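Heads up, the thing below is written out as structure tokens.
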């Protein structure tokens, strides 16, 4: 098992290749340029294909084509590029094609800036494209998780025939940490590509396969819509994940994902040192949202949601507690980080100190 | 005449576009007065003997409802 | 001894939904005849556009992917890169290819992707009811150029193969027509050369096929043949715009 000091963006490339992804189509956009650069050198070495597409629109449609052939394929971008990919993502979801999409979020809306943010939460979890569809959204908060979640994303995408998004931010993409690489000798469940009889390969030895999302008859489309809904229900029942920290006797909870969760953990420890019973819930799957960990919190008097936006995940937290617990918000945007001492002050205020 | 032609037209699938009639060099085709189940006046062969199997009707038919059997002169 | 001209293997028996006299059906036949003559049906992947020919999967008996409007060349790129031994072609109308999909077309050609684009030019958006397309002629009336296409306001018709001919990645570019037997046969030869150039790995190929649209041109099929001949061929001259050494 080898350990490597690695940048978050590079870890995405490494994780994808470790999961037997052999096709990557990207386009330059800060703060995730290293992903394309990494793939431009490493993909050919792995016998794969790297294309720098003419636009994010072209890239997502190349993903659509390659995914239809059954191969594992990935694209990455930041907020503005993900916006351009939305129609393509809706098509991929409608056609039930597996793929991995990476969003290393930056300041928005508009051109915003190249500093980190978490302001594409709604876009990723509520669907920025048209139609009833969902995507599995995984939110790493370390370079190790970036590496592992990328591999798991390919596994989940194939398992449920659905696009999976890795939702990181500029910090996670740019920072370096030690990563324990998957042992390629050992049989890696995430690297195993399942049989795909539906794939487009040329109809030798079988009836033709079709990948199409035009269902012109209302009954046909409605049947498909509910079929997708059932799939999303099944994913929700099986794949919800959250990381809990010092929650057992907590009277106050902080809810945060990604980089915000790392910073909040420090604030939780500071508050605990002052005798405040506070814990942290860190959603890992942003969709399906882990609402189950927000139930039966009888001893909890208040929840503080910490995000790098003006309040998005807070809505899912409120939905989860169903009004039983007041949910408050602390956020920083524009690329500014929520400071652990500021979060600590919020926790103290809520704790009535 | 090197070839004789036997033209068959799928009466119900024809949309009566008239291109085969237009391009037939021997005037062996016409649009039927009676309409088909689609409500189109389909092309019909009215002068089979005059057909030399040139295949123009087959080439220009957008709905592939025409078949042309090319029979060598003298064989049955 | 007799031979029969009839539907080729790669064509389904499904009744076509196209309007009477529409050239799409003819081009469907040509594409499938070439595929069968090359014995490539089982290795072919067709990319359908958004437009009148969006229903390709009902008419062709081989693997088909339906692409988002304008994005077929990118989808085809993704397929061909994953299946280099397969025959991969897109089938697109003038709106799909030269309007919303211009960037994808140009860059697929610039990259020299080993794909073939079958480009149906009938000077309008057929499926949506006859709006102006990039290939609409000067003064041609459409539902969005009701007084005729005024080039000062709506620009000039685009000649696609000419546009692409400066790109080294494009190895075979031709313009043919489907409006009479002679040209239909020439169109088939051109499609064959384009597919062969692809399978020989030479690079990107495109065949533009002048086509009629009787319904939206507000003519009957026979009149639309004449209109195509008298009006389109002047702006869209037929011929091989590019055929690099090695194309056979």
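The values are calculated or read from the model by the stated rules, or taken from the named source; none is laboratory data. Here the structure is a predicted model, which means the values were calculated and not measured. Heads up, the Cβs are rebuilt from the backbone with ideal geometry, glycines too, and the neighbour counts pull from every protein chain shown.
Numbers at a glance
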{"item": "Residue that is surrounded by the most Cβ atoms within 10 Å (Cβ to Cβ), among those in the range C:1-14 that are at the interface with another protein chain (Cβ under 7 Å from one of its Cβ atoms) and over 16 Å from residue C:57 (Cβ atoms)", "result": "C:5"}
{"item": "Flag for residue C:43 being surrounded by fewer than 22 Cβ atoms within 10 Å (Cβ to Cβ) and at the interface with chain A (Cβ under 8 Å from one of its Cβ atoms)", "result": "yes"}
{"item": "Counted residues, the range C:80-100 - those being more than 15 Å from the chain's Cα centre (by Cα) and either crowded, with 24+ Cβ neighbours inside 10 Å or at the interface with chain A (Cβ under 8 Å from one of its Cβ atoms) (or both)", "result": "6"}
{"item": "Those residues of the range B:1-23 which are at the interface with chain C (Cβ under 10 Å from one of its Cβ atoms) and assigned to a loop (DSSP other than H, G, I, E, B), in sequence order", "result": "B:10, B:12, B:13, B:14, B:15, B:16, B:17, B:18"}
{"item": "Enumeration of residues in the range A:205-246 that are loosely packed, with under 11 Cβ neighbours inside 10 Å and within 12 Å of chain C (Cβ to nearest Cβ)", "result": "A:205, A:207, A:216"}
{"item": "Extreme residue, surrounded by the fewest Cβ atoms within 10 Å (Cβ to Cβ), among residues of the range C:57-79 that are closer than 16 Å to residue C:118 by Cα, touching a helix residue (DSSP H, G or I) at 6+ places or on another chain (Cβ under 6 Å) and facing another protein chain (nearest Cβ under 7 Å)", "result": "C:64"}
{"item": "Verdict on residue A:186 being over 26 Å from residue A:127 (Cα atoms), exposed (fewer than 12 other Cβ atoms within 10 Å of the Cβ) and more than 22 Å from the chain's Cα centre (by Cα)", "result": "yes"}
{"item": "So residue B:27, is it within 13 Å of the chain's Cα centre (by Cα), assigned to a loop (DSSP other than H, G, I, E, B) and either more than 9 Å from chain C (Cβ to nearest Cβ) or under 19 Å from residue C:181 (Cα atoms) (or both)", "result": "yes"}
{"item": "Index of the failed condition, residue B:16 passing every other in (1) over 16 Å from residue B:2 (Cβ atoms); (2) touching a strand residue (DSSP E or B) at 6+ places or on another chain (Cβ under 6 Å); (3) surrounded by fewer than 17 Cβ atoms within 10 Å (Cβ to Cβ)", "result": "(3)"}
{"item": "Among the residues listed as C:50, C:54, the single one being out of contact with any strand residue (DSSP E or B) (no Cβ under 7 Å at 6 or more places or on another chain) and more than 14 Å from chain B (Cβ to nearest Cβ)", "result": "C:50"}
{"item": "Number of the exception - residue C:103 against (1) touching a strand residue (DSSP E or B) at 6+ places or on another chain (Cβ under 7 Å); (2) within 12 Å of another protein chain (Cβ to nearest Cβ); (3) closer than 30 Å to residue C:154 by Cα", "result": "(1)"}
{"item": "Residue in the range A:28-42 that is touching a helix residue (DSSP H, G or I) at 6+ places or on another chain (Cβ under 6 Å), on the phi > 0 side of the Ramachandran plot and in the same structural domain as residue A:68 (by TED's automatic domain parsing) present", "result": "no"}
{"item": "Some residue of the range C:218-226 being closer than 19 Å to residue C:89 by Cβ and either within 13 Å of chain B (Cβ to nearest Cβ) or not in a loop (DSSP other than H, G, I, E, B) (or both)", "result": "no"}
{"item": "Residue A:279 over 30 Å from residue A:153 (Cβ atoms) and not assigned by TED's automatic domain parsing to the domain that holds residue A:119", "result": "no"}
{"item": "Any pair with Cβ under 9 angstrom, 6 or more apart, that starts in the range A:266-277 at a residue that is farther than 17 Å from residue A:247 by Cβ and ends at one that is assigned to a helix (DSSP H, G or I) and modelled with pLDDT of 95 or more", "result": "A:274/A:344; A:274/A:348"}
{"item": "From C:17, C:28, C:24, residue being surrounded by fewer than 19 Cβ atoms within 10 Å (Cβ to Cβ), within 14 Å of chain B (Cβ to nearest Cβ) and out of contact with any strand residue (DSSP E or B) (no Cβ under 6 Å at 6 or more places or on another chain)", "result": "C:17"}
{"item": "Residue match in the range A:273-285 (condition: outside any strand (DSSP E or B), under 23 Å from the mean Cα position of the chain (by Cα) and either modelled with pLDDT of 95 or more or surrounded by 15 or more Cβ atoms within 10 Å (Cβ to Cβ) (or both))", "result": "yes"}
{"item": "Out of C:167, C:163, sole residue that is surrounded by 17 or more Cβ atoms within 10 Å (Cβ to Cβ) and in a loop (DSSP other than H, G, I, E, B)", "result": "C:167"}
{"item": "Failed item, numbered, when residue A:44 is tested on (1) in contact with a strand residue (DSSP E or B) (Cβ under 7 Å, 6 or more places away or on another chain); (2) crowded, with 24+ Cβ neighbours inside 10 Å; (3) not in a strand (DSSP E or B)", "result": "(2)"}
{"item": "Of all residues in the range A:14-29 being in a helix (DSSP H, G or I) and more than 9 Å from residue A:74 (Cβ to Cβ), the one that is nearest to the chain's Cα centre (by Cα)", "result": "A:15"}
{"item": "Test: residue in the range B:62-75 that is at pLDDT 95 or above, under 10 Å from the mean Cα position of the chain (by Cα), farther than 17 Å from residue C:18 by Cβ and facing chain C (nearest Cβ under 9 Å)", "result": "yes"}
{"item": "Any chance residue B:7 is within 10 Å of the chain's Cα centre (by Cα), crowded, with 17+ Cβ neighbours inside 10 Å, touching a residue at least 60 places away in the same chain (Cβ under 8 Å) and closer than 20 Å to residue C:180 by Cα", "result": "yes"}
{"item": "Flag if residue A:259 is buried (at least 24 other Cβ atoms within 10 Å of the Cβ) and not assigned by TED's automatic domain parsing to the domain that holds residue A:118", "result": "yes"}
{"item": "Residue match in the range A:327-340 (condition: over 23 Å from residue A:123 (Cα atoms) and surrounded by fewer than 22 Cβ atoms within 10 Å (Cβ to Cβ))", "result": "yes"}
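Residue-by-condition table, conditions (1) within 14 Å of chain B (Cβ to nearest Cβ); (2) touching a residue at least 40 places away in the same chain (Cβ under 8 Å); (3) over 20 Å from residue C:126 (Cβ atoms):
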| position | (1), (2), (3) |
| --- | --- |
| C:169 | no, yes, yes |
| C:172 | no, yes, yes |
| C:177 | yes, yes, no |
| C:188 | yes, yes, yes |
